[in-house]
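In what follows, a structure is listed as structure tokens, so that the remarks can point back to it.
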Amino acid sequence: MVSLTFSKSIVDRLKKNMATALKLSNIRLYRLTQALLWFSECMGIKEIARLMGVCEKTIINWLKTFMHKGVGWLIGQHYQGRGRKSKLTKDQKNKLMEKAVEEKSVVLFGDEVSFAMWGSLARTWAPIGEQPTVKTSGIRKGLKMFGTIELEGGSFQYRESLAYEIKPKSLRLLKEAGLPQEFLAILKSLKSGSRYFCESLFWASQPKQAAKT
């Protein structure tokens, strides 16, 4: 049987991480640190798993990761985000900055977003063999926004636009995809800002009859 103990310095660093987790309201960091502190107090893995509401294998994996990466693994949890990860390598970023300085250019980080301003149907139902019909209404508009942040000074610039209309190219692609003519006629009548009624746009395929055996 292999036993594992933590030195006093490691326990002290774990307690500091616990204080940081409470300050940042970082639940994941708090759970990881608390589990390790309990283990340092000779609490069994089974009991730790019960208190944490996870399986024993999860606690074992936390211990293995901590043994391999050390306290630095916990420090990394402070800054772990869920956003889009950078696609540029560190070398590419350095070259980009050098080129910007050389050409006296401005480095901008930008993104775009669109907010629909009409109701969306998530799900519906109908008796077997019948096509569901649902009436919806709204304003056929969408808020389009594009913004940039300047790297050096942090200035923020943005543009917004209220517009939504179906382009001829989109109609052509829908026609080529086999959309029925009656639906194409409805889509052609939609204009930016107009009210619409889309009961005909929601349909369900007829269920296939089960083969007789």
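What follows draws every value from the coordinates through simple rules; no lab data is involved. Please read all numbers here as calculations on a predicted model, not as lab measurements. Glycine gets a Cβ as well: all are built from the backbone with ideal geometry, and neighbour counts include every protein chain shown.
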Cβ under 11 Å from Leu108's Cβ, Leu108 left aside: what net charge do those residues give with Lys, Arg +1 and Asp, Glu -1?
-3
In terms of Cα to Cα distance under 20 Å, which lysines are near enough to Lys87, apart from those fewer than 8 places away along the same chain?
Lys95, Lys99
Can you list residues from other chains, or at least 5 along the same chain, whose modelled amide H is less than 5 Å from the amide H of Val134?
Phe202
For Tyr30, Tyr158, order by how many other beta-carbon atoms lie within 10 Å, fewest first:
Tyr158, Tyr30
Lys64 and Thr5 label points (each 7 Å along its Cα→Cβ direction) are spaced in nm at 2.6
What spacing in nm lies between the two simple spin-label points modelled at Lys167 and Phe146, each 7 Å away from Cα in the Cβ direction?
1.3
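Taking N as the number of residues in the stretch 8-76, what value does Rg over Cα atoms divided by 2.2 N^0.38 Å take?
Scaled against compact globular proteins, the figure is 1.02.
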Among residues other than Ile45 whose Cβ falls under 15 Å from its Cβ, what is the net charge (Lys/Arg +1, Asp/Glu -1)?
+2
13 Å beta-carbon shell around Arg159, net charge (K/R +1, D/E -1):
-2
Given backbone amide H placed at 1.01 Å from N, residues whose amide H is under 5 Å from that of Val107, ignoring those fewer than 5 places away on the same chain, are Leu151, Glu152
